[in-house]
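Right, one structure below, let's go through it.
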Amino acid sequence: MFRILVLIFSISPAWGSENPRQSLDSLIAIAVKNNPDILRAREHWKSLMAQVPAEATWNEPLIGFQRMNFQGGDAGNYWSIEQDVPFPGKLSKRATMKRHEALIAYQDYRVRELSVSAQVAIEYARIFWLKDTAKILKKDSEVLSSVSKVAQASVASGRARADEALSAQAAFIKVRNAAEERKAESLVQEEALNALLNKPAGNRWRLVPPQEPQKLNVRASELDQLAKKISPDYMEALHWISHAQTMVTLGRMGFLPDFQFTATQESGRPVPAMEESAYGVNLAIPLWFWKENAVLKSAQAHAREAAAASQEARNEIFRQIHSELIEVNLHQELALSDKQELIPLAQGAFKIAEKGYEAGHTSFSQLSEAVRALLDAQLKYPTEVELYQEHLANLERALGGPPNLKASAMSKEDMNP
């Protein structure tokens, strides 16, 4: 199973000690092994692959026995065997169709792996986002608590109105409650992660902190070429076309006759005037051509349908790759700007406003505005990072693997169950 890249910011974990630390790669490995949807798709693929040889095999021969009594007391035992043999090529085409069905199921199995892996990555990033924003809100609630106390002191000294102190207290309570909500939401997201990993509800995880976002220095055209080699959605679209084309070929072969070979052998005492053995061949000639013609027309329409659907699927793959690549690099740049520019500026503005308010040079509304700006800046960074990880996971899902994956490692399908 390919590695989903984890490229989001580093924070200090605050988890219980029930489980050893888990990285995103280890969580994905657990999901691939245990997720019921992946297991179902895997067994469906194996089931179809096992059916391929049967499609290329003749029907069972018909073996018969007859005992014939004749006038005069004579009797004879006769053994017969009949074998239906389709016109050469029909069975191989049916086997080819079944193999394409198995290949489609295999690609669907890979799609399930990619989809579940991407969802695990998204849940992983969201848990860190909730935990980190909860810590930010808790810290800011402590700042607002201090501001509230300063406002109350200002009211007592006549420097501020009573409603200002009440507003500061309300802001403190609002942010404190928001921190508690984020902590509770992180537990809810852990339950979603448990479901993806097929683990019992209530299981708690100690997660390895991920890294900061990094820019993807790759062109969309390069990813398009990689997708043609490793994307299961792209491969599945091609297999549907091949399946439909084989169906058309088999429909044309429906006008060809099938054969039946027969052989009869007398056993025991020969009966006078009766042949001891007989051999023959019969032809099943398709005389009702409108039936075969209808089958052929249906197959041709299906081939056109498959071609259109496959083209639509490929267009959607390339749209997702180009769109998600733009989103990944956009949110990486915004996260970097927030961390290096916006947050330091907001912190500086708050410190100036706080000192000014304490000295009586800044109004309470100016201080409140500085607090809101600082809180918004601090919350914006982890939000941009979480969006970065979400779009990165979606990009890998559409592409079929990480953007830096070597195509040679995935260009050949391992179709052995």
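Bear in mind these aren't lab numbers, they're just calculated from the coordinates by the rules spelled out. On a predicted model such as this, the values are computed, not experimentally measured, just so you know. Neighbour counts are summed over all protein chains in view; Cβ atoms, including those assigned to glycine, are modelled from backbone coordinates with ideal geometry.
Report, to the nearest 10°, how far helix 364-399 tilts away from the longest principal axis of the Cα atoms in the chain, using its own Cα long axis and a range of 0 to 90°.
Once rounded, the angle reads 20 degrees.
Which of the listed residues, Ala353, Leu325, Ala373, is farthest toward the dipole's positive end in region 276-388, when Lys, Arg count +1 and Asp, Glu count -1 at the beta-carbon?
Leu325
Given only helices, namely DSSP H runs of n ≥ 4 each adding -39500 (n - 2.57), what is the per-residue ellipticity at 222 nm of the chain, to the nearest 500 deg cm²/dmol?
-23500 deg cm²/dmol
Can you tell me the orientation of helix 289-337 relative to the chain, as the angle in degrees between its alpha-carbon axis and the longest Cα principal axis, to the nearest 10?
Tilt relative to the chain: about 20 degrees.
How tilted is helix 232-253 with respect to the longest principal axis of the chain? Cα atoms for both, answer in degrees (0 to 90, nearest 10).
20
Highest mean first, how do 288-295, 201-208, 88-95 rank when packing is the count of other Cβ atoms within 10 Å averaged over residues?
88-95, 201-208, 288-295
To two decimal places, what compactness ratio does region 291-398 give when its Cα radius of gyration is scaled by 2.2 N^0.38 Å?
2.07
By how many nm would the segment from Leu256 to Ala153 grow when fully extended, if each residue of separation counts as 0.36 nm and the alpha-carbon distance is taken off?
Full extension from Leu256 to Ala153 adds 27.1 nm.
Can you pull out the trypsin sites (Lys or Arg not before Pro) in region 301-331 that DSSP calls coil and that have at most 16 other Cβ atoms within 10 Å?
Counting only loop positions with at most 16 other Cβ atoms within 10 Å, none of the trypsin sites (Lys or Arg not before Pro) in region 301-331 qualifies.
Please order Leu395, Leu287, Leu216 by the number of other Cβ within 10 Å, starting at the fewest.
In increasing order of surrounding Cβ atoms, one gets Leu287, Leu216, Leu395.
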